[in-house]
Amino acid sequence: MTASKSASSSRGRAGSRAVVIVPTYNEADNLEQAVDAIHRAAPELHVLVVDDASPDGTGEVADRLAASDPRVAVLHHGDRAGLGAAYLAGFAVALGEGFDVLIEMDADGSHPATALPALIARLDAPDRTDMVIGSRRVPGGGFVDWPAARRLLSRAGNFYARLALRIRVMDATAGFRAYRADVLRSLDLEGVESRGYCFQIDMTLRVLDAGYRVAEVPITFTDRQRGVSKMNSRIVLEAMWRVTQWGITRRFSRRKPAAMAASAPAE
């Protein structure tokens, strides 16, 4: 499975080649604005759209953008297989193209593209951070127009993840993050089975347990203005079940708490 065209050179801070991976399902009304926002914030970044056969024509919008901009590529992923599967497919393409930094970002406008330079700069900080999370839950972070019920669900999910998994990351469910490519190459990505939003917790845990450093930079999360959220009860139940399983396994294996590998959140 390959992208519709080869990734062109795209330089981030310190000369790193960086790509923003944007998974899509029914985001035709948002995708063009999202790509434009990325390139206004960081013109040098490449964008890889991973579309799960959106019936609303998102794939066609992505193809049109790719045809007119050498910084944009498209991976038509096939039938809807979940967020985790889309990101894993995108990782495989981006790693194969030799990018140094891989960034996850939603297409719905909730993740501020203006924070992209800060995520990349944090990777380049002297303490050698390996993964950076755009966090809503460190000082300076927050929410705009997000329903109270969703905020409560997010807060509860992150609290439960910290408690069950014994990690210090404040926003382990966040989907706006940047990885060093060598970190992803060292992980067993083929063993990742998480498909919903618990994919983010799964990846956070894998990075920490491998001994890498994780930092959080504050962002303001804005609720989508167009389209429908993909969150549903099945996704929530998957996350609760998997976090519970991981927590039990970690306690019985007497694994050293992954928090010891995490760097202090950036403020």
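The values are calculated or read from the model by the stated rules, or taken from the named source; none is laboratory data. The shown structure was predicted, so the numbers you read here are calculated from the model rather than taken from an experiment. All Cβ positions, even for glycine, are placed from backbone atoms using ideal geometry, and neighbour counts span all protein chains on display. Each accessible area value is taken on the protein alone, full model and side chains, heavy atoms only, with ligands, DNA and RNA left out. Shrake-Rupley method; radii C 1.70, N 1.55, O 1.52, S 1.80 Å.
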Order 91, 159 by their accessible area, 1.4 angstrom probe, all chains in place, largest first.
159, 91
So what does log10 I(q)/I(0) come out to for the stretch 88-185 at q = 0.17, 0.20, 0.24 Å⁻¹, using the Debye formula with one equal point on every Cα and no solvent?
-0.88, -1.14, -1.36
Estimated FRET transfer efficiency (residue 33, residue 149; beta-carbon r; R0 30 Å; 0.05):
0.70
Alpha-carbon Rg with Dmax, taken over the stretch 42-124, Å
13.1, 39
So what are the ³J(HN,Hα) numbers for the stretch 190-205, from phi and the Karplus equation (6.51, -1.76, 1.60; θ = phi - 60°), rounded to whole Hz, Gly and Pro as x?
5, x, 7, 10, 5, 10, x, 5, 5, 3, 5, 5, 4, 5, 4, 5
Need one value: the accessible area of residue 220 in square angstrom, 1.4 angstrom probe, rounded to the nearest 10.
60 Å²
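Determine, for each peptide in 141-148, 62-69, the mean count of other beta carbons within 10 angstrom over its residues, then list the peptides with the highest first.
Output ranking for 141-148, 62-69: 62-69, 141-148.
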Using heavy-atom solvent-accessible surface (probe 1.4 Å) with all chains present, what is the largest-first order of 108, 171?
108, 171
With label points set 7 Å from each Cα along the Cα-to-Cβ direction at residue 121 and residue 237, the distance between them in nm comes to 4.5 nm
Could I have the simple spin-label model distance between residue 44 and residue 210, label points 7 Å from Cα toward Cβ, reported in nm to one decimal?
2.4 nm
